[in-house]
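The values are calculated or read from the model by the stated rules, or taken from the named source; none is laboratory data. In this text the structure is predicted, and so the values were computed from the model without any measurement. Neighbour counts are summed over all protein chains in view; Cβ atoms, including those assigned to glycine, are modelled from backbone coordinates with ideal geometry.
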Amino acid sequence: MDAHSAPASPGHALGASHPPVPVFVAALAILSWASAYPVVRLALQFLPPIPLAAARYALAAVLALIWVGVTRPLLPRVQDLPRFVVCGAIGISLYNILFNVGEQTVSAGAASLLISFSPLISALLAVGIMGERLSIWGWVGSLISFCGVVLVAQHQPGGLTFGAGAVDVLGAAFAAALYNTVQKKLVFTYGALATTAYVLIIGALLLTPWLPQAISSLRAAPVTGWLLVAQLAVFPAILGYAAWAYVVGRIGVARSSGFIYLLAPTTLVLALLIAGEVPDLRTMAGGAIILAGVALMNTLGRVKTRARV
């Protein structure tokens, strides 16, 4: 999944009216992110998995550098540079390598359903690393989602065996969850857009060893290959993050998180329209189980703690 966390907006006073939901901008973010799944499948016809990631994020990094030069956000402090490097390595380089390799054999719709398991991995990481707690419903939701993951993965080539595409996509989901955990402090300090821009640039730099191969592949590719790479750089990597940061800034994390559940269904529709993929009933049933488990964990699974004044 190209979708990562964004900062929360300040809470409203008790009884204050909620601002209107920017539905168009939220839809733009979801459509941008969902388009990455089928477009990556198409782009893999022209570039190998890792060079595709290198080409995509080289262009995205150029756009991010232009944005940094125009807006002049707070520059990373020296003590935060290691965290930025970790985020770029995990959230951009490792995530896209695993995701692209996995999508060689896993359908776009199935990949989006497996990536939707990422929020639950984030919650489990918070339990193990940050000392957060899950209620009994949280663990039930985890078990339900895992059953859905097994159902979807077993229907992909290679199933859940080592080296299979589904395992690579699940590895990408784990990378996304780890990235979301590590980058929270950066988002709080620098904001969602600046953090994303710096992480994109660092991730692109780490992928530069494969950039010559990407350029060589693009020289031999038709215009379609160039257009697919440009779409992946502009829409999911740049426009999606910018639109989502605006949405979260307007209505906050809690209200905006519900839109994330639309990502996998939107991907299934776009995969049908763009790549002609028709999901089978087993994949759709497994995806519904995954989303149901994640929804249960997010609604009833967190143990509420009394906030300090």
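Structure values in brief
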read-out: Some residue of the range 11-24 being crowded, with 23+ Cβ neighbours inside 10 Å and farther than 26 Å from Lys184 by Cβ; value: no
read-out: All positions within the range 46-73 that are assigned to a loop (DSSP other than H, G, I, E, B) and surrounded by 12 or more Cβ atoms within 10 Å (Cβ to Cβ); value: Phe46, Leu47, Pro48, Pro73
read-out: Close pairs from the range 191-202: first more than 14 Å from Arg83 (Cα to Cα) and at pLDDT below 90, partner outside any helix (DSSP H, G or I) and small (Gly, Ala, Ser), Cβ under 7 Å, at least 6 apart; value: Ala192/Ala6
read-out: Residue match in the range 259-273 (condition: polar (S, T, N, Q) and more than 20 Å from the chain's Cα centre (by Cα)); value: no
read-out: Options Val150, Val127: the member that is surrounded by fewer than 22 Cβ atoms within 10 Å (Cβ to Cβ), touching a strand residue (DSSP E or B) at 6+ places or on another chain (Cβ under 7 Å) and over 25 Å from Leu206 (Cβ atoms); value: Val127
read-out: Residue in the range 158-169 that is hydrophobic (A, V, I, L, M, F, W, C), in a helix (DSSP H, G or I), modelled with pLDDT of 80 or more and under 16 Å from Val40 (Cα atoms) present; value: yes
